[in-house]
Structures are given as C-alpha cells and as structure tokens.
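Enquirer: Input: one structure, supplied below.
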Amino acid sequence: MLHFVMYVGFFSTGNCTQDIWTHSGFDNWQKFGTKVNGHLSSKNHLTNVEKMNSYKKPKETGSVITQISSFHKEEVAKKRKYMSYLIEIVLYLAKQGILYRGHDEKCDSLNQGKILNKKVQEEIIGICADLVRQTIIDNIVKTGHFALMVDEARSHKQEQLSVCIRYAVGLESCERFLQFVDVSSGQDANSIVAAIYKCFENLNISMNSLHMVAQSYDSVMSGCLGGVQTKIKEKYPCSIYTHCMAHRLNLVVVDMCKGVKV
C-alpha cells in the first residue's frame, strides 16, 4: 500500500499538504493508518491515480501512434487479401478465355458481367500483361536468339500489326504474342519494318544484342525484292524466311472451297 501511495506521489503537481508522501516523509506512526486512508480518498491522490493510469495504459496497449500504425497494418493486410482474390478471378477468367464484361451492363441488367468495377479490372489486367510481357522479354534476352512472326489485321478502321516471336527455353520452343502496332498511316514495306523496330524499342529490347534467326509473314509481306523479308535481311542476313504456315493452310482451304459446288 505504501509503495502504491509513493508511486502515485510521483505524479503529484507539488501540493505542499501532500509533501509528506513524496518529499519530507512521515514519522507519526501512531496515526499512519488514519493518514493513509485519508490520503487515499483525497482529491489530490485520486487525480494522481488517474495520471498514473493514463501513463501506464499506453505501455500496455501501445501509444496512439502505435495503435494507429497497428490499425493501418491490419487495413493493409485486409486490402491485400481482397486484392489477391480479385487478381485470382482476373487470372482465372483470362486463362479460361471467359469474357469479363456482359452483353448488357446497365443498372437493371440481370447479367452485368463477371467484374463490375471496370477501372480495377483494367488496371489488374494491365499489370498482369506487363508482368507476362516482361517475363517474355527476359527470356528473349537470356536466350539471345529468336524468330519473328508478323501479320496484319484490320480492326474496324484501324490497320494493326500483330508482332509475335518464337524462341527456345532449354529444349522447349515458345511462341509468344508481344504487341499490336497501329500501321494505319502506312502499310508499305518501309512503314512495316519501321513499326517492327519501333515495337522492340518501346519494349526496351535491344535489337543490337540479339540475333534474329528466322522470319515469317504471309505472301503480301514476303516480297523477295522490296518486301519486308528483304529489308529485315539487310540488318539480319541469317534470318531465314519461311512462309506463314497458317496462311498456307488458309489459301488451301479457300481454293478447295472454290471447287465445292453448292
């Protein structure tokens, strides 16, 4: 009890009537019990008890800053867990080839799509695409050799160039799509070649440190005199040209259909 009274006394503001408990001391031991009980119920002591408890509480529960920091950490953990679920959903839809958006996304639609927050959806897709693309680029740089595959595709009023590459990781061959490039302003050989080089430049792929060993296009771009393959060979003489097998198959199917009588 005395230790408690003395400990509380450290929080006193210097009231002279209470100095016997903190400074001058107490020597009338016959009245000690009465004095202690009277002091325990005094306003000064009760005030100091509150000060002491206020001092001790942060040591047990942490300061306000610590509590705010702990709350912040909990919120970050919850949001990261929530984001991990969204990322898993986006990756699953992409892997299965399932559409993200619905046919009718109005407020009263019964099927607005798989993910309603389009902004978050597009950001996650963009981040995933960047990570996948960077992995492909790292593999190309590590391998040092690759084959180029390019084809044109019209989207509404825009002419796009599909740039794909083929490379080997160990004994496994990998065929990967890199990027669509807008070539609406020009589809001649010089424009297409410039667009290809610009694509690699935008992706931070140093063409000077890599070896292009093969190239493949359809018949429109394969001109042996002034076509894309010729202009590519000017910089990469070892890049063997192979006509696009998919285009060959398409030509065969088209020719066969012409002979089918309906």
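The values are calculated or read from the model by the stated rules, or taken from the named source; none is laboratory data. As the structure is a computational prediction, the values presented were derived from the model and not from experiment. For neighbour counting, all protein chains shown are included, and Cβ atoms are generated from backbone atoms with ideal geometry for every residue, glycine included. What goes into the accessible areas is simple: the full protein's heavy atoms, side chains included, and nothing from ligands, DNA or RNA. Shrake-Rupley method; radii C 1.70, N 1.55, O 1.52, S 1.80 Å.
Enquirer: How big, in percent, is the set of alpha carbon pairs in the stretch 90-205 lying more than 17 Å apart? Present the calculation step by step, with values, prior to reporting the outcome.
Expert: On the way: 4416 of 6670 pairs.
So the portion of pairs separated by more than 17 Å is 66 percent.
Enquirer: Run the numbers for residue 218 and residue 71: contour at 0.36 nm per residue of separation, minus the present Cα-Cα distance, in nm.
Expert: 46.9 nm
Enquirer: Here's a follow-up. In Å, the Kirkwood hydrodynamic radius of the stretch 151-262 over pairs of distinct alpha carbons?
Expert: Kirkwood radius, the stretch 151-262: 15.6 Å.
Enquirer: Continuing with this model, one more query. Quick one: which residues, 5+ away or cross-chain, put their amide H under 5 Å from the amide H of residue 217? H built at 1.01 Å from N.
Expert: Answer set, sorted by chain and number: 242, 244.
Enquirer: Rounded to the nearest 0.05, what FRET efficiency do residue 231 and residue 182 have when you use their Cβ-Cβ distance and R0 = 22 Å? List each step's numbers first, then the result.
Expert: On the way: r = 20 Å, r/R0 = 0.89.
So the FRET efficiency works out to roughly 0.65.
Enquirer: Each label point is 7 Å from the Cα along the Cα-to-Cβ direction; what then is the distance between the points at residue 128 and residue 207, in nm?
Expert: Going from the residue 128 label point to the residue 207 one covers 3.2 nm.
Enquirer: Further, regarding this structure: Within the stretch 62-206, what whole-number % of the accessible surface is contributed by carbon and sulfur, with the 1.4 Å probe and all protein chains included in the calculation?
Expert: Looking at the stretch 62-206 in its full context, I get 56 percent from C and S.
Enquirer: Which FRET efficiency, nearest 0.05, do residue 198 and residue 99 yield, Cβ-Cβ r, R0 30 Å?
Expert: 0.45
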